[in-house]
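Nothing in this text is a laboratory measurement; each read-out follows from the coordinates by a stated rule. These numbers come from a predicted model, not from an experiment.
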Amino acid sequence: MGDKTQLTTITLSSTTNKPLAVFIGSSLALISATLLGALAGGSIANLIPAFLLKLISGIVFLIIGINLLLQSKTEVSNDSF
C-alpha cells in the first residue's frame, strides 16, 4: 500500500495546486533523512568495532523476529473465536 510518507505526499500533491513544490519538499526531506542516517551510521561504525556491531545487530533482529512471531501467534488465537 505505501508508508505514511508516501500517502502524505500523494495527499498533499492532490489537494494543493503546487505539486512541484510538494515534489521538491518531499525529495529534500528524503535526501536529508538519508544523509543523516548515513552520517550517523558512519559515526557509529567508527566508534564501535565491527564484530560488536554485528553481534548487537543480530541480537536486535532476533528480538524483533521473536516479537513478531509472538504477536502473530496472539492474533491467530484471538481470531479463532
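Observations on the structure shown:
- Under the span-like rule (Cα at least 30 Å along the axis, Kyte-Doolittle mean at least -1.0), DSSP H helices of the chain: 19-47, 50-79
- More than 22 Å apart - percent of Cα-Cα pairs taken over the chain: 59 percent
- Only lysines eight or more places from LYS4 in sequence, or on another chain, were considered; those with a Cα closer than 24 Å are LYS18.
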